[in-house]
Amino acid sequence: MFDALQGAEFKIADIQTKESISKPAAPFITSTLQQAAANRLGFTTKRTMRVAQQLYEGIDLGSMGYLGLITYMRTDSTHLSPEALDEARNFIKRHIGAEYLPAKANIYASKKTAQQAHEAIRPTDVDFPPDDIKPFLSEEQHKLYDLIWRRFVASQMKPSKSNITTLDIVAETSIGPCHYKASGRVLVFDGFTKIWPTNSNGQQLPVTEVGQKLAVVDIKAEQHFTKPPARYTEGSLVKALEKEGIGRPSTYASIISTIQDRKYVDKQEKKFFATDLGEVVTDKLNEYFPRIMDIAFTRHMEAELDKIEEQHIEWLGVLKAFYGPFKESLDTATEEMKHAKAEVTPSEYSCPRCEKGLVYRFGKNGRFLSCSAYPDCKFSAPCDKEGKMLEEKVSEHKCRACGKPMVYKNGRFGPFLGCSDYPNCKTILNIDKDGNVLPPKPPPKPTGIKCYKCKDGELVIRQSKRGPFLGCGRFPKCRTIISIKQLEHLKKLQAEGQWPPKTFEEADLLLGRKKAKKAKATK
């Protein structure tokens, strides 16, 4: 076909134009807020909920006092109160234009499983536009409030209208006519996109007519392959959890935090990758607890809990139906399940030291290759996700203890240099992200300032990759950390007898971490 198209004449066989209407989305619920904040702002779910909590609890707006700027942020309902609808419609009419106001309020249906305990997430007062209160908000607070405010107002505006033109292009060739399509979009009425911009606008086609010949600029043959499903981001994972009925608005962020905190997944370029630990845990649970690991079971249990709350069924019956099979699976797992570290899998590699076979073992940093003669032979080597042995790269540095070459290694805290004679020599050197050796950390420097948390320790100056900071001298028993910028301020406070404070809250106030709440004026 590619050869047949060379020199062919291309004509417009047909032109079709139709109107496309795009309706505004519903105001935010927890899951859609987390998705939008991830996609538009790059926020993690944890960060989104933290900032939303601040906006909900209240912000100091100067002479106006402390005001909660948004409604409750853990909700699965798109319901809006009549008062909120009236306020939004009045705002649109006054500040955006009557032509953007629909004849009646837009009403959005919630899912059947929605608990309807709270309204959708919206500003408590639409007459506080984001830019008007920007001086009182941090950057991240302003960004999230702006997102919530715009989504709420846009939800009560008219749809946008576009004209979509599709060209049917035909080329007569020796093997018959070949048809191609080109389409373009022209925005006719911006509607809700006036304050909630979208990326749906396509290219604009030039004015054409049926039968018009087209000039050929270039013809390219491109091969496309079917791609596997994209890896989950935080936003798409929340969407999948909601679709499968796993979790509640209050648990989405904690679920995503937990799988990262427990090292079940790694995040690379905002995408999740299962770790060796995550795969092992999943395999073990699927083997011994298949019922609980079934998504349908989780969905069913969520529905049962709702029925208990609504007093449609008794909790004791649900608990008995669950616990019997679970106890049986638990007893079997307790007797039969082997610890991952006790399991070994043969590999295709031989030990370079004793020539015996290497096996795959599982350690705190994931899967690795180890000599089958362990502990008589302690050779080990890292491997990739597919099990391929990774050769250790030799550096230009020599071990200061034994003189042997130092090799690049990767541990739980990132890359470092280790002696090639490990485990006989355990010397290590810290390196930066570019592979440069970092100088040894200086010993902690006393400051004479008491630690406000444990009351027994003294704050010392420590060094990290990001620079100096203040930490408790009793680390790791006490993990107090304070910015080095506070050093002179703390010395002054201690000299005046104000340090250490009696409570953590008082410490936060003295350090400027929290502002003292203003007393509300009484009439």
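About the Cα centre of the chain, how large is the charge dipole given +1 on each Lys and Arg Cβ and -1 on each Asp and Glu Cβ? Please answer in debye to the nearest 20.
Here the chain has a charge dipole of around 2320 debye.
So if each residue of separation counts as 0.36 nm, and I subtract the Cα-Cα distance between Arg466 and Lys104, what length gain in nm does that give?
The span from Arg466 to Lys104 would gain 124.7 nm if fully extended.
For all pairs of alpha-carbon atoms in the chain, what percent lies in each bin of width 20 Å, listed from the first bin to the last filled one?
Result, from short to long distances: 14, 34, 38, 14, 1 percent.
Relative contact order, percent, of the stretch 94-165 when contacts are C-alpha pairs under 8 Å separated by at least 6 residues?
It rounds to 49 percent for the stretch 94-165.
Can you list residues whose amide H is under 5 Å from Ile59's amide H, if they're 5+ apart or on another chain and H is modeled 1.01 Å from N?
Leu67, Gly68, Leu69
How large is ³J(HN,Hα), in whole Hz, for each residue of the stretch 463-475 in order, when computed from phi with the Karplus curve 6.51 cos²θ - 1.76 cosθ + 1.60 and θ = phi - 60°, using x for Gly and Pro?
Working through the residues one at a time gives 10, 10, 4, 8, x, x, 8, 9, x, 6, x, 8, 4 Hz.
Please give the direction-averaged projected area of the C-alpha convex hull for the stretch 105-246, in square nanometres with one decimal.
On the way: hull surface 63.3 nm².
Orientation-averaged projected area of the Cα hull: 15.8 nm².
Within a 10 angstrom radius of the beta carbon, how do His142, His312 rank from fewest other beta carbons to most?
Fewest-to-most ranking of His142, His312: His312, His142.
Exposure proxy check: Ile482, Ile219 ranked by fewest other beta carbons within 10 Å? Walk me through the intermediate numbers first.
On the way: Ile482 20, Ile219 12.
Exposure proxy ranking, most exposed first: Ile219, Ile482.
Please list, ordered by chain and number, the residues whose modelled amide H lies under 5 Å from the amide H of Ile481; skip anything fewer than 5 residues away on the same chain.
Under 5 Å from the amide H of Ile481 lies no amide H from a residue far enough along the sequence or on another chain.
Taking a ≥ b ≥ c as the square roots of the eigenvalues of the Cα gyration tensor of the stretch 234-336, is the shape rounded (a/c under 1.5), prolate (a/b larger than b/c) or oblate?
oblate
Answer rounded, prolate or oblate for the stretch 30-154, using the Cα gyration tensor with square roots of eigenvalues a ≥ b ≥ c: rounded when a/c is under 1.5, else prolate when a/b is larger than b/c, else oblate.
Oblate, since a/c reaches 1.5 and b/c is not below a/b.
Is any residue of the stretch 376-391 close enough, with backbone N under 19 Å, to a label point placed 7 angstrom from the Cα of Lys356 along the Cα-Cβ axis, and if so, which?
Within reach of a label on Lys356, which here means backbone N under 19 Å from a point 7 Å along Cα→Cβ, the stretch 376-391 contributes 376-382.
Pairs of Cα atoms under 8 Å, at least six residues apart: use those to get the relative contact order of the chain, whole percent. Write down the numbers at each step before the final one.
Details: 761 pairs, mean separation 55.1, N = 523.
Reported relative contact order: 11 percent.
What are the residues whose amide H is under 5 Å from the amide H of Gly363, where those residues sit 5 or more places off or on another chain and H is modelled from the backbone?
Residues meeting the criterion, in which the H sits 1.01 Å from N, are Phe368.
Pop the C-beta distance of Ile295 and Lys485 into the FRET formula with R0 = 51 Å and round what comes out to the nearest 0.05.
So, using R0 = 51 Å, E works out to roughly 0.55.
With a point put 7 Å past each Cα toward its Cβ, work out how far Gln223 is from Val437 in nm, to one decimal.
Label-label distance for Gln223 and Val437, simple model: 4.9 nm.
What distance in nm separates the simple spin-label points at Ala13 and Asp86, each placed 7 Å from Cα in the Cβ direction?
About 5.9 nm separates the two model spin labels.
Please list 3J(HN,Hα) in residue order for the stretch 363-369, calculated via the Karplus relation 6.51 cos²θ - 1.76 cosθ + 1.60 where θ = phi - 60°; whole Hz, with x for glycine and proline.
Residue by residue, the stretch 363-369 yields x, 5, 9, x, 7, 8, 9 Hz.
Between Tyr288 and Gln212, what is the label-point separation in nm under the 7 Å Cα-to-beta-carbon projection?
Label-label distance for Gln212 and Tyr288, simple model: 7.1 nm.
So what is the calculated 222 nm ellipticity per residue for the chain, using -39500 (n - 2.57) for each DSSP H run with n of 4 or more, over all residues, to the nearest 500 deg cm²/dmol?
Rounded to the nearest 500, it is -8000 deg cm²/dmol.
Find the relative contact order for the stretch 381-491 and round it to a whole percent, using C-alpha pairs within less than 8 Å whose residues are 6+ positions apart.
Reported relative contact order: 11 percent.
May I ask you to sort Glu328, Glu209 by Cβ crowding, counting other Cβ atoms within 10 Å and putting the fewest first?
Glu209, Glu328
Across the stretch 84-89, in residue order, what do the Karplus-derived ³J(HN,Hα) couplings come to in whole Hz, using 6.51 cos²θ - 1.76 cosθ + 1.60 with θ = phi - 60° and x for Gly and Pro?
5, 5, 5, 4, 5, 5
Which of the trypsin sites (Lys or Arg not before Pro) found in the stretch 42-110 are in a DSSP loop and have at most 13 neighbouring Cβ atoms, other than their own, within 10 Å?
Lys104
Each reported figure results from applying straightforward, stated rules to the coordinates on display, with no laboratory input. Remember, it's a predicted structure, so these values are computed and weren't measured experimentally. Don't worry about glycine lacking a Cβ; one is built from the backbone with ideal geometry, like all the others, and counts go over all protein chains shown.
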